[in-house]
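Beneath this line is the structure, given in structure tokens, with notes to follow.
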Amino acid sequence: MKTPVRVTVTGPAGQIGYSTLFRIASGAMLGPDQPVELRLLERTNSTSQSALKGVMMELEDCAFPLLHGLMSTTDQKEAFRDTDYALLIGARPRGPGMERADLLEANAQIFNTQGRALDEVAKRSVKVIVVGNPCNTNAWIAMKSAPSLSPKCFSAMLRLDQNRARAQVAKKTGAPVSHIHQVAVWGNHSPTMFPDLSAATVDGRKATDILDAAWIRDEFIPTVAKRGSEIIKARGASSAASAGAAAIDHMRDWALGSAGEWVTMGVPSDGSYGIPEGLVFGFPCVCRNGDYDIVQGLGFDDEAKARIAKTLAELESERDAVKAFLKL
Ligand code: NAX
């Protein structure tokens, strides 16, 4: 049995926390031979603390053999001390009457202080996924707030968008998801994202030879981009189980490798495809040896270039809007 690793989860009393924690403790994220110590960071209010108490009781009651430690705290440094993996799920939701700028400011403060705490006390090799929205910009803030950690420690979750994209292709073609490869989602986790099938294959054939261009443009792209709001309409609550599953997929592949499979991650750009360096952008990546590489050498037609320019412009405007609120 390996030495236990430390996993910090923020927002553990929320609905994505509830769909993620039990899978981490069961070994679904880091493997069946990797014990974990969970450190849960929640807000101080009594409703969240009471819900968290119940979640922790249930975690105990599962008697997971891999769960070697369980604690909760409201102190960021205690939560992130020596942590190996951090899932930053908790964020400020948009309340009634709240303007976009207010939302960006509230989250800038959360991810600024969490980034500083990670910088001070986390393992130098920590892997961070930001799920809380706006996740790309929140990940950028945390990364900028942690200058002593490598920017490659930070990522944002676009895996749900990629999973949604593969699932739509599976549904349309009748092929199982496992026969669909090289699906990418570029840019921001927002309706401007660009789900891209230009390199995708279905049962070894080019997806663009099988699927009609009009279906891709008029149905596939808008369905993936608006899936989150459709789920809210149908369920009366936002995606939780699928978001938790995507967070597990993202961290598992990053830690254990993606076996050559393309996985979409929001990662700080290294300048690939002309995306300004440092901006946290959704790219197709391949993971190996606990690291990721952005897939290189892909080409874009004019429509794809316009879509990438649109999502890039949105991310740049979010970054410019939050800069003023940061203490770096
Ligand atoms: P919930 O409102 O159910 O839970 C959020 C939890 O976070 C609450 O328990 C809250 O007390 C806690 N929290 C808030 N601020 C905190 C802080 N500073 N420190 C510690 N805990 C804090 O939301 P849930 O449905 O779980 O969603 C969480 C976040 O994920 C939201 O920002 C949501 O928008 C985002 N999502 C991101 C997705 C993605 O693909 N990147 C998809 C799903 C989801 O929309």
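The values are calculated or read from the model by the stated rules, or taken from the named source; none is laboratory data. Note that this is a predicted model, so its numbers are computed, not measured. A quick note on method: Cβ atoms are made from the backbone with ideal geometry, for glycine too, and the neighbour counts reach across all protein chains shown. The area values use the complete protein model at the heavy-atom level, side chains included, leaving out ligands, DNA and RNA. Shrake-Rupley method; radii C 1.70, N 1.55, O 1.52, S 1.80 Å.
Can you give me the angle between helix 159-173 and the longest principal axis of the chain, using Cα atoms only, in degrees from 0 to 90, rounded to the nearest 10?
40
Out of the total accessible area of the range 175-328 (probe 1.4 Å, heavy atoms of protein only), what percent is carbon and sulfur?
51
At a 1.4 Å probe radius, carbon and sulfur cover how many percent of the accessible area of the range 5-156?
Carbon and sulfur: 51 percent of the exposed surface of the range 5-156.
Against the longest principal axis of the chain, how steep is helix 46-61, in degrees 0 to 90 to the nearest 10, with axes from Cα atoms?
Result, in degrees: 90.
Given the options K233, K53, K127, state which has the largest fluctuation in a GNM of the chain using a 10 Å cut-off (strictly under) for Cα springs.
Comparing K233, K53, K127 in the GNM, the peak value goes to K233.
Over the chain, with a Gaussian network built from C-alpha contacts below 10 Å, which listed residue (A170, A28, A237) shows the highest mean-square fluctuation?
The residue with the greatest mean-square fluctuation here is A237.
Kirkwood Rh and Cα-based Rg: tell me the resulting Rg over Rh for the range 158-318, rounded to two decimals.
We get a ratio of 0.94 for the range 158-318.
Could you give the length gained on full extension between D293 and I232, defined as 0.36 nm per residue of separation minus the Cα-Cα distance, in nm?
18.6 nm
Can you give the Kirkwood hydrodynamic radius for the chain, in Å, rounded to one decimal and based on Cα pairs?
20.1
Counting pairs of alpha carbon atoms under 8 Å apart in space and at least six apart in sequence, what relative contact order in percent does the range 5-156 give?
Computed value for the range 5-156: 23 percent relative contact order.
Of the residues H189, H181, H250, which exhibits the maximal mean-square fluctuation in a Gaussian network model of the chain defined by a 10 Å Cα contact cut-off?
H181
Along each principal axis of its Cα atoms, how long is the range 1-72 end to end? Whole angstroms, biggest number first, please.
Principal-axis extents of the range 1-72 (Cα, largest first): 38, 19, 18 Å.
Enumerate the residues in the range 195-225 having an amide nitrogen under 11 Å from the point lying 7 Å beyond the Cα of A170 toward its Cβ.
Counting backbone N atoms under 11 Å from the label point, the list is empty.
Looking at the chain only, what percent of DSSP beta bridges run antiparallel? Nearest 5 please.
For the chain, the DSSP antiparallel bridge percentage is about 45.
Per residue and in Å³, how big is the convex hull formed by the alpha-carbon atoms of the range 1-125?
Looking at the range 1-125, the number lands at 104 Å³ per residue.
Separation between the A51 and E105 pseudo-spin-labels, each 7 Å from Cα along Cα→Cβ, expressed in nm?
The modelled label-to-label distance comes out at 2.6 nm.
Under a 1.4 Å probe, what is the accessible area of the chain per residue, stated in Å²?
Value returned for the chain: 43 Å² of accessible area per residue.
In degrees between 0 and 90, to the nearest 10, how far off the longest principal axis of the chain does helix 241-256 point, with axes built from Cα atoms?
Tilt relative to the chain: about 90 degrees.
For the range 69-114, which GluC sites (Glu not before Pro) are both in a DSSP coil and crowded by at most 13 other Cβ atoms within 10 Å?
Of the GluC sites (Glu not before Pro), the ones in loops of the range 69-114 whose Cβ has at most 13 other Cβ atoms within 10 Å are E99.
Between D61 and S178, what is the label-point separation in nm under the 7 Å Cα-to-beta-carbon projection?
The answer from the label model is 3.3 nm.
Fully extended, how many nm does the chain gain between S26 and D302 (0.36 nm per residue separation, minus their Cα-Cα distance)?
Length gained, S26 through D302: 94.8 nm.
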